[in-house]
Amino acid sequence: MSYKGRKAVDPHVVMAEVIKTKRITPNMMRVTLGGDELARFTATGYDQWFRLFLPRAGQDMLRLPTRASGLWYAEYLTTPKARRPWVRNYTVRAARPDLNELDIDFVLHESGDEASDDSAHAAGPGAGFAQAAEQGVRVGLLDQGVTYNPRHAHDWTLLVADESGLPAVAGICESLPDDARGIAVVEVPTAGDRQEFRTPSGVELRWVVRSDADPHAVPGQAALAELSGLDLARHDGAVYAFAIGESSLATGARRHLVGERGVPKAHVDFVGYWRHGKASPN
Ligand SMILES: Cc1cc2nc3c(=O)[nH]c(=O)nc-3n(C[C@H](O)[C@H](O)[C@H](O)COP(=O)(O)OP(=O)(O)OC[C@H]3O[C@@H](n4cnc5c(N)ncnc54)[C@H](O)[C@@H]3O)c2cc1C
(Lines give C-alpha, C1' and ligand atoms only; values in the text may rest on other atoms or scores of the structure.)
Protein backbone atom coordinates (compact mmCIF):
# COMPACT_ATOMS: atom_id res chain seq x y z
CA MET A 1 0.00 0.00 0.00
CA SER A 2 1.42 3.40 -0.84
CA TYR A 3 1.38 5.74 2.11
CA LYS A 4 -1.63 8.00 2.00
CA GLY A 5 -1.25 9.53 5.42
CA ARG A 6 -0.01 12.96 6.34
CA LYS A 7 3.75 12.94 6.74
CA ALA A 8 5.39 14.17 9.92
CA VAL A 9 6.16 17.86 10.05
CA ASP A 10 9.87 18.45 10.70
CA PRO A 11 10.63 15.03 12.26
CA HIS A 12 13.67 14.38 14.46
CA VAL A 13 14.99 11.32 16.22
CA VAL A 14 14.57 12.24 19.87
CA MET A 15 15.61 10.50 23.08
CA ALA A 16 13.18 10.20 25.97
CA GLU A 17 13.06 8.29 29.21
CA VAL A 18 10.46 6.33 31.08
CA ILE A 19 8.84 8.40 33.82
CA LYS A 20 6.19 5.94 34.96
CA THR A 21 4.09 2.99 33.90
CA LYS A 22 0.51 2.11 34.74
CA ARG A 23 -1.54 -0.97 33.96
CA ILE A 24 -4.65 0.89 32.78
CA THR A 25 -6.69 -2.20 31.87
CA PRO A 26 -5.95 -5.95 32.10
CA ASN A 27 -4.17 -6.08 28.72
CA MET A 28 -2.88 -2.53 28.29
CA MET A 29 0.14 -0.83 29.87
CA ARG A 30 0.48 2.95 29.69
CA VAL A 31 4.10 4.09 29.59
CA THR A 32 4.72 7.79 30.16
CA LEU A 33 7.86 9.18 28.58
CA GLY A 34 9.50 12.47 29.43
CA GLY A 35 12.63 14.52 28.82
CA ASP A 36 13.71 17.82 27.30
CA GLU A 37 14.17 16.38 23.81
CA LEU A 38 10.44 15.70 23.60
CA ALA A 39 10.08 19.46 23.02
CA ARG A 40 11.17 18.64 19.45
CA PHE A 41 8.39 16.10 18.97
CA THR A 42 5.37 18.02 17.66
CA ALA A 43 2.12 16.36 18.71
CA THR A 44 -0.58 16.66 16.06
CA GLY A 45 -3.48 14.62 17.44
CA TYR A 46 -5.44 11.96 15.56
CA ASP A 47 -3.54 8.66 15.19
CA GLN A 48 -0.06 10.16 15.10
CA TRP A 49 2.44 7.32 15.16
CA PHE A 50 6.17 6.97 15.48
CA ARG A 51 9.05 4.54 15.33
CA LEU A 52 10.02 3.53 18.82
CA PHE A 53 13.65 2.49 19.34
CA LEU A 54 14.13 0.17 22.30
CA PRO A 55 17.33 -1.18 23.85
CA ARG A 56 18.00 -4.89 23.39
CA ALA A 57 18.98 -6.97 26.40
CA GLY A 58 22.58 -6.22 27.37
CA GLN A 59 22.76 -2.92 25.48
CA ASP A 60 23.76 -0.23 27.92
CA MET A 61 23.86 2.40 25.22
CA LEU A 62 21.01 3.21 22.86
CA ARG A 63 22.36 3.82 19.36
CA LEU A 64 19.82 5.92 17.55
CA PRO A 65 19.84 6.85 13.88
CA THR A 66 20.73 10.50 13.37
CA ARG A 67 18.77 10.95 10.16
CA ALA A 68 15.06 11.57 10.14
CA SER A 69 13.15 11.37 6.81
CA GLY A 70 13.29 8.00 5.03
CA LEU A 71 17.05 7.73 5.40
CA TRP A 72 17.05 6.56 9.00
CA TYR A 73 16.42 2.97 7.91
CA ALA A 74 19.47 2.76 5.63
CA GLU A 75 21.54 4.14 8.48
CA TYR A 76 19.99 1.64 10.89
CA LEU A 77 20.87 -1.27 8.59
CA THR A 78 24.51 -0.23 8.39
CA THR A 79 24.80 -0.54 12.19
CA PRO A 80 26.02 -4.02 13.15
CA LYS A 81 23.05 -6.12 14.24
CA ALA A 82 24.22 -6.59 17.82
CA ARG A 83 24.33 -2.83 18.32
CA ARG A 84 21.02 -1.96 16.70
CA PRO A 85 18.06 -1.19 18.92
CA TRP A 86 14.72 -2.90 18.40
CA VAL A 87 12.30 -0.81 16.32
CA ARG A 88 8.54 -1.01 16.75
CA ASN A 89 5.61 1.22 15.75
CA TYR A 90 3.38 2.92 18.31
CA THR A 91 0.76 5.65 18.57
CA VAL A 92 0.79 8.83 20.62
CA ARG A 93 -2.01 8.16 23.11
CA ALA A 94 -1.64 11.56 24.76
CA ALA A 95 0.88 14.39 24.71
CA ARG A 96 1.42 17.08 27.31
CA PRO A 97 3.84 19.48 25.58
CA ASP A 98 3.81 21.84 28.58
CA LEU A 99 5.41 19.04 30.63
CA ASN A 100 7.38 17.41 27.79
CA GLU A 101 5.46 14.21 28.40
CA LEU A 102 3.95 11.63 26.09
CA ASP A 103 1.87 8.50 26.84
CA ILE A 104 2.01 5.26 24.89
CA ASP A 105 -0.53 2.48 25.43
CA PHE A 106 1.06 -0.93 24.80
CA VAL A 107 -0.98 -4.08 24.28
CA LEU A 108 0.48 -6.76 26.57
CA HIS A 109 0.01 -9.52 24.04
CA GLU A 110 1.25 -13.07 24.04
CA SER A 111 2.99 -14.65 21.09
CA GLY A 112 -0.05 -16.17 19.41
CA ASP A 113 1.97 -19.38 19.26
CA GLU A 114 -0.15 -22.06 20.87
CA ALA A 115 2.85 -24.32 21.40
CA SER A 116 4.47 -21.69 23.62
CA ASP A 117 4.43 -22.50 27.33
CA ASP A 118 5.57 -18.99 28.20
CA SER A 119 2.21 -17.30 27.88
CA ALA A 120 2.40 -15.61 31.30
CA HIS A 121 4.88 -13.17 29.79
CA ALA A 122 4.18 -10.60 27.16
CA ALA A 123 5.83 -11.66 23.91
CA GLY A 124 7.89 -9.45 21.66
CA PRO A 125 10.29 -6.61 22.45
CA GLY A 126 7.54 -3.97 22.43
CA ALA A 127 5.11 -5.70 24.78
CA GLY A 128 7.97 -7.08 26.89
CA PHE A 129 9.46 -3.61 27.26
CA ALA A 130 6.16 -2.18 28.49
CA GLN A 131 5.65 -4.99 30.96
CA ALA A 132 9.08 -4.54 32.56
CA ALA A 133 9.91 -0.86 31.88
CA GLU A 134 11.67 0.84 34.75
CA GLN A 135 11.91 4.52 35.45
CA GLY A 136 14.86 6.15 33.69
CA VAL A 137 15.16 3.63 30.83
CA ARG A 138 15.90 5.47 27.60
CA VAL A 139 14.15 5.04 24.29
CA GLY A 140 14.15 6.84 20.94
CA LEU A 141 11.23 8.20 18.93
CA LEU A 142 10.85 9.26 15.33
CA ASP A 143 7.58 10.93 14.34
CA GLN A 144 5.92 9.35 11.28
CA GLY A 145 2.81 11.52 10.97
CA VAL A 146 -0.88 10.72 10.85
CA THR A 147 -2.52 7.93 8.86
CA TYR A 148 -6.18 8.94 9.30
CA ASN A 149 -6.44 11.20 6.29
CA PRO A 150 -9.78 11.60 4.47
CA ARG A 151 -9.04 12.95 1.01
CA HIS A 152 -12.61 13.25 -0.27
CA ALA A 153 -15.66 15.04 1.04
CA HIS A 154 -17.45 12.73 3.45
CA ASP A 155 -20.44 12.92 5.78
CA TRP A 156 -19.50 10.35 8.37
CA THR A 157 -16.62 8.26 9.62
CA LEU A 158 -16.35 4.51 10.19
CA LEU A 159 -13.47 3.25 12.35
CA VAL A 160 -12.70 -0.46 12.81
CA ALA A 161 -9.90 -1.69 15.06
CA ASP A 162 -8.59 -4.37 17.37
CA GLU A 163 -6.91 -3.46 20.67
CA SER A 164 -3.65 -2.44 18.98
CA GLY A 165 -5.67 0.24 17.18
CA LEU A 166 -7.48 1.40 20.31
CA PRO A 167 -4.95 4.20 21.03
CA ALA A 168 -5.43 5.40 17.45
CA VAL A 169 -9.24 5.26 17.66
CA ALA A 170 -9.12 7.19 20.94
CA GLY A 171 -6.78 9.79 19.43
CA ILE A 172 -9.00 10.17 16.35
CA CYS A 173 -12.21 10.46 18.40
CA GLU A 174 -10.58 13.05 20.66
CA SER A 175 -9.41 15.05 17.62
CA LEU A 176 -12.61 14.95 15.53
CA PRO A 177 -14.79 18.08 15.52
CA ASP A 178 -17.75 18.09 17.92
CA ASP A 179 -20.25 17.74 15.09
CA ALA A 180 -18.58 14.66 13.57
CA ARG A 181 -20.84 11.66 12.97
CA GLY A 182 -19.86 8.04 12.76
CA ILE A 183 -19.34 4.59 14.23
CA ALA A 184 -16.21 3.21 15.86
CA VAL A 185 -16.01 -0.57 16.23
CA VAL A 186 -13.25 -1.59 18.63
CA GLU A 187 -12.45 -5.17 19.59
CA VAL A 188 -10.84 -5.75 22.99
CA PRO A 189 -9.74 -8.99 24.69
CA THR A 190 -11.99 -8.62 27.77
CA ALA A 191 -14.77 -6.33 29.02
CA GLY A 192 -12.24 -4.78 31.41
CA ASP A 193 -10.18 -3.55 28.45
CA ARG A 194 -12.81 -1.03 27.38
CA GLN A 195 -11.70 2.55 27.96
CA GLU A 196 -13.36 5.90 28.36
CA PHE A 197 -12.34 8.80 26.18
CA ARG A 198 -13.96 11.84 24.68
CA THR A 199 -16.07 10.95 21.65
CA PRO A 200 -18.22 13.41 19.66
CA SER A 201 -21.88 12.85 20.58
CA GLY A 202 -22.65 11.81 16.99
CA VAL A 203 -20.03 9.05 17.02
CA GLU A 204 -21.24 5.72 18.36
CA LEU A 205 -18.56 3.64 20.06
CA ARG A 206 -19.27 -0.09 19.76
CA TRP A 207 -17.10 -2.38 21.86
CA VAL A 208 -16.70 -5.98 20.76
CA VAL A 209 -15.43 -8.19 23.60
CA ARG A 210 -13.47 -11.14 22.25
CA SER A 211 -13.77 -13.24 25.40
CA ASP A 212 -17.57 -13.23 25.00
CA ALA A 213 -17.07 -15.29 21.86
CA ASP A 214 -13.74 -17.11 21.67
CA PRO A 215 -10.96 -15.75 23.89
CA HIS A 216 -8.35 -17.60 21.78
CA ALA A 217 -9.57 -16.31 18.42
CA VAL A 218 -7.19 -14.26 16.33
CA PRO A 219 -7.62 -10.59 17.29
CA GLY A 220 -9.61 -8.62 14.76
CA GLN A 221 -11.93 -11.39 13.58
CA ALA A 222 -14.71 -10.41 15.99
CA ALA A 223 -14.50 -6.78 14.88
CA LEU A 224 -14.74 -7.95 11.28
CA ALA A 225 -17.87 -10.00 12.10
CA GLU A 226 -19.39 -6.96 13.82
CA LEU A 227 -18.65 -4.85 10.75
CA SER A 228 -20.39 -7.40 8.49
CA GLY A 229 -23.55 -7.10 10.58
CA LEU A 230 -23.63 -3.30 10.79
CA ASP A 231 -26.52 -1.41 9.30
CA LEU A 232 -24.50 1.20 7.42
CA ALA A 233 -27.61 2.66 5.78
CA ARG A 234 -28.48 4.29 9.13
CA HIS A 235 -26.05 7.01 8.15
CA ASP A 236 -26.78 9.18 5.14
CA GLY A 237 -24.15 10.31 2.72
CA ALA A 238 -20.57 9.41 1.95
CA VAL A 239 -18.45 7.50 4.42
CA TYR A 240 -14.73 7.66 5.14
CA ALA A 241 -13.68 4.29 6.55
CA PHE A 242 -10.46 3.58 8.40
CA ALA A 243 -9.52 0.00 9.42
CA ILE A 244 -6.46 -0.79 11.54
CA GLY A 245 -5.09 -3.68 13.53
CA GLU A 246 -4.15 -7.26 12.75
CA SER A 247 -3.48 -7.53 9.05
CA SER A 248 -6.50 -9.77 8.22
CA LEU A 249 -8.80 -7.28 9.94
CA ALA A 250 -7.39 -4.37 7.96
CA THR A 251 -7.51 -6.10 4.58
CA GLY A 252 -10.76 -7.94 5.37
CA ALA A 253 -12.56 -4.74 6.35
CA ARG A 254 -11.51 -3.05 3.17
CA ARG A 255 -12.52 -6.05 1.03
CA HIS A 256 -15.91 -6.19 2.74
CA LEU A 257 -16.62 -2.48 2.42
CA VAL A 258 -15.56 -2.20 -1.20
CA GLY A 259 -16.75 -5.61 -2.43
CA GLU A 260 -19.98 -6.08 -0.49
CA ARG A 261 -21.07 -2.62 0.57
CA GLY A 262 -20.11 -0.68 -2.53
CA VAL A 263 -17.92 1.85 -0.74
CA PRO A 264 -15.55 3.48 -3.26
CA LYS A 265 -11.94 2.33 -2.80
CA ALA A 266 -10.76 5.90 -2.35
CA HIS A 267 -13.00 6.22 0.72
CA VAL A 268 -11.31 3.39 2.61
CA ASP A 269 -7.89 3.49 4.23
CA PHE A 270 -6.51 0.48 6.04
CA VAL A 271 -3.24 -0.32 7.79
CA GLY A 272 -2.13 -3.78 8.91
CA TYR A 273 -0.50 -2.99 12.24
CA TRP A 274 0.84 -6.49 12.87
CA ARG A 275 0.53 -10.01 11.53
CA HIS A 276 -0.71 -12.94 13.59
CA GLY A 277 2.12 -15.40 14.28
CA LYS A 278 4.81 -13.18 12.76
CA ALA A 279 7.12 -10.86 14.66
CA SER A 280 8.03 -7.43 13.30
CA PRO A 281 11.21 -7.67 11.22
CA ASN A 282 13.57 -5.50 13.31
C1 LIG B 1 1.04 2.80 12.73
C2 LIG B 1 1.04 1.78 13.86
C3 LIG B 1 0.66 2.16 15.15
C4 LIG B 1 0.62 1.23 16.19
N5 LIG B 1 0.25 1.63 17.45
C6 LIG B 1 0.22 0.73 18.47
C7 LIG B 1 -0.11 1.14 19.81
O8 LIG B 1 -0.30 2.33 20.10
N9 LIG B 1 -0.15 0.18 20.77
C10 LIG B 1 0.11 -1.14 20.49
O11 LIG B 1 0.07 -1.97 21.40
N12 LIG B 1 0.43 -1.56 19.24
C13 LIG B 1 0.51 -0.65 18.24
N14 LIG B 1 0.87 -1.06 16.97
C15 LIG B 1 1.12 -2.48 16.73
C16 LIG B 1 2.52 -2.90 17.16
O17 LIG B 1 3.49 -2.19 16.40
C18 LIG B 1 2.66 -4.40 16.89
O19 LIG B 1 1.72 -5.12 17.66
C20 LIG B 1 4.06 -4.92 17.15
O21 LIG B 1 4.17 -6.18 16.54
C22 LIG B 1 4.37 -5.06 18.64
O23 LIG B 1 5.72 -5.47 18.74
P24 LIG B 1 6.18 -6.60 19.76
O25 LIG B 1 7.64 -6.45 19.87
O26 LIG B 1 5.36 -6.50 21.01
O27 LIG B 1 5.81 -7.97 19.05
P28 LIG B 1 6.55 -8.65 17.77
O29 LIG B 1 7.96 -9.00 18.11
O30 LIG B 1 6.35 -7.81 16.56
O31 LIG B 1 5.71 -9.99 17.59
C32 LIG B 1 5.87 -11.13 18.47
C33 LIG B 1 4.65 -12.03 18.35
O34 LIG B 1 3.51 -11.37 18.91
C35 LIG B 1 2.44 -11.27 17.97
N36 LIG B 1 1.80 -9.97 18.14
C37 LIG B 1 2.30 -8.73 17.81
N38 LIG B 1 1.43 -7.77 18.17
C39 LIG B 1 0.36 -8.39 18.72
C40 LIG B 1 -0.86 -7.93 19.28
N41 LIG B 1 -1.18 -6.61 19.35
N42 LIG B 1 -1.73 -8.85 19.78
C43 LIG B 1 -1.44 -10.19 19.73
N44 LIG B 1 -0.29 -10.68 19.22
C45 LIG B 1 0.59 -9.79 18.72
C46 LIG B 1 3.10 -11.45 16.60
O47 LIG B 1 2.18 -12.00 15.68
C48 LIG B 1 4.26 -12.39 16.92
O49 LIG B 1 3.81 -13.72 16.93
C50 LIG B 1 0.95 -0.12 15.92
C51 LIG B 1 1.37 -0.50 14.63
C52 LIG B 1 1.40 0.44 13.61
C53 LIG B 1 1.86 0.03 12.23
Per residue, how much accessible surface does the chain expose to a 1.4 Å probe? Answer in Å², no decimals. 49
Apportionment of accessible area to carbon and sulfur, the range 4-75, percent (1.4 Å): 52
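Can you compute the helix-only [θ] at 222 nm over the chain? Use -39500 (n - 2.57) per DSSP H run of at least 4 residues, normalise by all residues, nearest 500 deg cm²/dmol.
Values: 6 runs with 47 residues, N = 282.
Counting only the DSSP helices, I get -4500 deg cm²/dmol.
Suppose accessible area is computed on protein heavy atoms with a 1.4 Å probe; arrange 29, 15, 61 from highest to lowest. Let's see the in-between values first.
Working: 29 15, 15 50, 61 115 Å².
Ranked from most to least accessible, the order is 61, 15, 29.
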Restricting attention to the range 189-244, which GluC sites (Glu not before Pro) occupy a DSSP loop and are surrounded by at most 16 other Cβ atoms within 10 Å? 196
Stretched fully, the stretch from residue 23 through residue 196 gains (0.36 nm per residue minus C-alpha distance, one decimal, in nm) 60.8 nm
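Of all chymotrypsin sites (Phe, Trp or Tyr not before Pro) in the range 1-105, which ones are in loop regions per DSSP and have a Cβ with at most 12 other Cβ atoms within 10 Å? Working shown, then result.
Working: sites: 3, 41, 46, 49, 50, 53, 72, 73, 76, 86, 90; in loops: 3, 41, 46.
Passing sites in the range 1-105 are 3.
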Just how large is the dipole of the range 190-235 about the Cα centre, in debye to the nearest 20, putting +1 at every Lys and Arg Cβ and -1 at every Asp and Glu Cβ? 140
Each label sits 7 Å from Cα toward the beta-carbon; between residue 39 and residue 211 the label points are separated, in nm, by 4.4
Carbon and sulfur: what percent of the range 180-282's accessible surface (1.4 Å probe)? 49
Placing +1 on the Cβ of each Lys and Arg and -1 on the Cβ of each Asp and Glu in the range 48-197, which of 104, 184, 159 has its Cα farthest towards the positive end of the resulting dipole? 104
Could you grab the relative contact order for the range 1-73? Cα pairs under 8 Å, six or more apart, rounded to a whole percent. 29
Farthest toward the dipole's positive end in the chain, which of 69, 266, 31, given Cβ charges of +1 (Lys, Arg) and -1 (Asp, Glu) about the Cα centre? 69
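Once the other residues with Cβ under 13 Å from the Cβ of residue 43 are scored (Lys, Arg +1; Asp, Glu -1), what is the net sum? The partial results should precede the final answer.
Working: positive: 40, 93, 96; negative: 10, 47, 98, 101, 103, 143, 174.
Surrounding charge for residue 43 is -4.
Using a ≥ b ≥ c from the Cα gyration tensor of the range 7-97 (square roots of the eigenvalues), is it rounded, prolate or oblate, where a/c under 1.5 gives rounded and otherwise the larger of a/b and b/c decides, a/b for prolate? Intermediate values should be presented prior to the final figure.
Numbers: a/c = 1.84, a/b = 1.24, b/c = 1.49.
It is oblate, given that a/c is not under 1.5 and a/b is not larger than b/c.
From the square roots a ≥ b ≥ c of the eigenvalues of the alpha-carbon gyration tensor of the range 48-164, which class results: rounded (a/c under 1.5), prolate (a/b over b/c), or oblate? Kindly include the intermediate steps, with their values, before the conclusion.
Working: a/c = 1.68, a/b = 1.22, b/c = 1.38.
Judged from the Cα gyration tensor, the range 48-164 comes out oblate (a/c at least 1.5, b/c at or above a/b).
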Name the residues whose placed amide hydrogens come within less than 5 Å of the amide hydrogen of residue 86, ignoring near sequence neighbours (fewer than 5 apart) on the same chain. 54, 56
Name the residue from 251, 15, 229 whose Cα lies farthest towards the positive end of the charge dipole of the chain, charges +1 on Cβ of Lys and Arg and -1 on Cβ of Asp and Glu. 15
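Using packing as a proxy for protection, rank 214-221, 274-281, 4-11 so that the peptide with the highest average count of other Cβ atoms within 10 Å comes first. If you can, show how the numbers build up before the last one.
Values: 214-221: 16.6, 274-281: 12.6, 4-11: 14.4.
The packing order, highest mean first, is 214-221, 4-11, 274-281.
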Please build a GNM for the chain, connecting alpha carbons under 10 Å apart, and tell me which residue among 93, 194, 255 fluctuates the most. 255
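Under a point-charge model restricted to the Cβ atoms of Lys and Arg (+1) and Asp and Glu (-1), what is the dipole moment magnitude of the chain relative to its Cα centre, in debye to the nearest 20?
Details: 32 positive and 36 negative charges, 203 e Å.
Roughly 980 debye for the chain.
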Could you size up the charge dipole of the range 1-116 around its Cα centre, putting +1 on the beta carbon of Lys and Arg and -1 on that of Asp and Glu, and report it in debye to the nearest 20? 260
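According to the square roots a ≥ b ≥ c of the eigenvalues of the Cα gyration tensor, what is the shape class of the range 61-114, taking rounded for a/c under 1.5, prolate for a/b larger than b/c otherwise, and oblate for the remainder? Spell out each step's value before the answer.
Values: a/c = 2.34, a/b = 1.14, b/c = 2.06.
In terms of gyration-tensor shape, oblate.
The values are calculated or read from the model by the stated rules, or taken from the named source; none is laboratory data. If you're wondering where the values come from, they're calculated on a predicted model, not measured in any experiment. Don't worry about glycine lacking a Cβ; one is built from the backbone with ideal geometry, like all the others, and counts go over all protein chains shown. Only protein heavy atoms, including side chains, enter the accessible area calculation; ligands, DNA and RNA are left aside. Shrake-Rupley method; radii C 1.70, N 1.55, O 1.52, S 1.80 Å.
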